[in-house]
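Below: the structure, in structure tokens.
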Amino acid sequence: MNYIDTLYSRTLQDQTERSPLIAAEQTDVCIVGAGLAGLTAALELVRAGNSVAVLEAQRVGWGASGRNGGFVGPGYAGRGETIRRMAGAADAKKLQLLSIEGVELVRNTIEDLGIASALPKPGITRVVRYEAAAQLQAEAEAALNDFGYPLEFLDRTAVQALLHSDRYYQGVRDPQAFHFHPLNYLRGIAAEIERLGGLIYEKSAATSVSLNDAIKVVRTDRGSVQAKHVVFATGGYTGRLVPALKRSHLAISTYVMVSERAPELIRSAIETTDAIGDDRKAGDYYRVVDGGQRLLWGGRITTRTGEPRDLAAKLQRTMVSTYPQLKDLEIDTAWSGLMAYARHQMPQIGQLQPHVWYCTAFGGHGMNTATIGGKIIAEAILGTSDRFRLFQPFGLAWNGGPAGKIAAQLVYWKLQANDWLRERGA
């Protein structure tokens, strides 16, 4: 299957198509899933001299890793107080530092491998739709005091000089965060893995596994891989191959669109090259792309995994509700993707059984967390660290089945209502 129609698939720098697995391979590590987590783990492992085979059901970066908003900033989907309650204050701080490390790892990889087509642009600004100056100033102070991480508080005048919408009040700018072309980045990593001797097979869905012996076996329709270690890194597209993984999170849909080329019209609303996101549960996130020519806009989440027929119109209405001056901005293309969300909203990173690993459920914050997740799983396999244990409090909790899916949608609607009331000062 080829890539779906997105801005990223239209602007691929590298058009390489990889062959399916049609033989029996033997490697140190078999990784199932060629998204960001799987490829990061593979890169770390081959750099350390391990033999690696990556099996991908579709194409490199075909899922959420290659069709997201392209934001790379620290943090998790889970809220800070929840993380501290479940992990304890000391480990919560270590987890936040891991998320910061994930951002730096992406940046350094782009530089080290010369992935110019990733097009990194500095700056992510988070804005609020209600009066929150004291709260955001305190947040910026805490980030600096607790983590040595500088954030810039923006008052309403500063925000509205950049974003011409009366919906916004204050904001916090992260100058160390950035945004980029995720699919070109992934394909750059894949090329380096292969240059170092790693194997990547596309259109090679894992159909069965044998995991209880010292040598594990992962089978596809036409081949197999024998390995000492197996890593499952399949995200929102996880199948029923390993039931414990399939029932541990929910597949959640989110949506993205890209506008026509209209630089002057876009500048009438947005005068910054920063990526922008708001703090609502399923808030808008957007950024100017294509050298200022187009606007990429994402938002909305739902447990209904089918793509709405009026997807572009839904997103356009959301955009215009924030920026009425963009009512005539036409939409070029729109797409959806599946994210994996655990009930605790934290990544699921750990060991299923000896030498069988999982790295998934990044909940819409995967650019940094999938990256650091892949790295620490590689470290565990190499025996160089046990940092994956920081995620033990956030295990493979049951997703609740069909009832859990309904409950998650109801919670989302409730949080949406709370956001609506807060914006109106209720």
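The values are calculated or read from the model by the stated rules, or taken from the named source; none is laboratory data. Quick caveat: nothing in here was measured; it's all calculated off a predicted structure. With ideal geometry, Cβ positions are generated from the backbone for all residues, glycine too; neighbour counts draw on all protein chains shown. Side chains included, ligands, DNA and RNA excluded: accessible areas come from the protein's heavy atoms. Shrake-Rupley method; radii C 1.70, N 1.55, O 1.52, S 1.80 Å.
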Exercise. So, with +1 on the Cβ of K and R and -1 on the Cβ of D and E, and no other charges, what is the size of the charge dipole of the chain about its Cα centre, to the nearest 20 debye?
Worked result: 1280
Exercise. Relative to the longest principal Cα axis of the chain, at what angle does helix 401-423 sit, 0 to 90 degrees, rounded to 10?
Worked result: 20
Problem set entry | FRET efficiency, 1/(1 + (r/R0)^6) with R0 60 Å, evaluated for Gln353 and Ala133 via beta carbons | 0.75
Problem set entry | Contact order normalised by residue count of the chain, Cα under 8 Å, 6+ apart, percent | 24
Exercise. Do any trypsin sites (Lys or Arg not before Pro) in segment 291-381 lie in a loop, going by DSSP, with at most 14 other beta-carbon atoms within 10 Å of their beta carbon, and if so which?
Worked result: Arg304, Arg309, Lys327
Problem set entry | Rounded to whole Hz, the Karplus (6.51, -1.76, 1.60) HN-Hα couplings of segment 219-235, x for glycine and proline | 10, 10, 4, 10, x, 7, 10, 9, 8, 6, 10, 10, 10, 9, 9, 10, x
Exercise. Contour minus end-to-end for Arg222 and Thr11, with contour as 0.36 nm per residue of separation and end-to-end as the Cα-Cα distance?
Worked result: 72.8 nm
For this session: Would you mind checking the pairs Lys121/Lys314; Lys93/Lys121; Lys93/Lys375 and listing those with alpha carbons more than 20 angstrom apart?
Result: Lys121/Lys314; Lys93/Lys121
Exercise. Counting only heavy atoms of protein chains, what accessible area per residue, in Å², does the chain have with a probe of 1.4 Å?
Worked result: 42
For this session: Please work out the Kirkwood hydrodynamic radius for the chain, using every pair of different C-alpha atoms, and report it in angstroms with one decimal place.
Result: 21.9
Problem set entry | Over segment 143-247: Rg over Rh, Cα atoms, Kirkwood Rh | 1.21
Seminar exercise, completed: Here the percent of antiparallel bridges among DSSP beta bridges lying wholly in the chain, to the nearest 5, is 70
Seminar exercise, completed: Taking Cα pairs closer than 8 Å and at least 6 residues apart, the relative contact order of segment 136-291 in percent is 16
Seminar exercise, completed: Candidate cut points under GluC sites (Glu not before Pro) in segment 125-171, DSSP loop plus at most 14 other Cβ atoms within 10 Å of their own Cβ, are Glu131
Problem set entry | Which of Ala77, Asn184, Phe147, positive extreme of dipole for the chain (C-beta unit charges) | Ala77
Problem set entry | Computed over segment 212-347: relative contact order in percent, which uses C-alpha pairs under 8 Å that are six or more apart | 32
For this session: Return the FRET efficiency for the residue pair Asn108, Lys327: r is the Cβ-Cβ distance, R0 is 35 Å, and the value is rounded to the nearest 0.05.
Result: 0.25
For this session: Would you be so kind as to identify which of Gln392, Leu295, Ala312 lies farthest towards the positive end of the dipole of segment 295-393, taking Lys and Arg as +1 and Asp and Glu as -1 on Cβ and the Cα centre as origin?
Result: Gln392
For this session: Restricting things to alpha carbons, tell me how big segment 1-106 is in terms of Rg and Dmax, in Å.
Result: 17.3, 49
Exercise. Counting only the heavy atoms of the protein chains, how much of His181 is accessible to a 1.4 Å probe, in Å² to the nearest 10?
Worked result: 10
Exercise. Which of the chymotrypsin sites (Phe, Trp or Tyr not before Pro) found in segment 124-154 are loop residues per DSSP with 13 or fewer other Cβ atoms within 10 Å of their Cβ?
Worked result: none
Seminar exercise, completed: Calculated from DSSP helices alone, with each H run of at least 4 adding -39500 (n - 2.57) and the total divided by the residues of the chain, [θ]222 nm to the nearest 500 comes to -10500 deg cm²/dmol
Exercise. Around Ala161, what is the net charge, scoring Lys/Arg as +1 and Asp/Glu as -1 over all other residues with Cβ under 11 Å from its Cβ?
Worked result: -1
Exercise. Between Arg79 and Arg195, what is the FRET efficiency for a Förster distance of 35 Å, r being their Cβ-Cβ separation, to the nearest 0.05?
Worked result: 0.30
Exercise. Going by alpha carbons, how many degrees (0 to 90, nearest 10) lie between the helix axis of 36-47 and the longest principal axis of the chain?
Worked result: 50
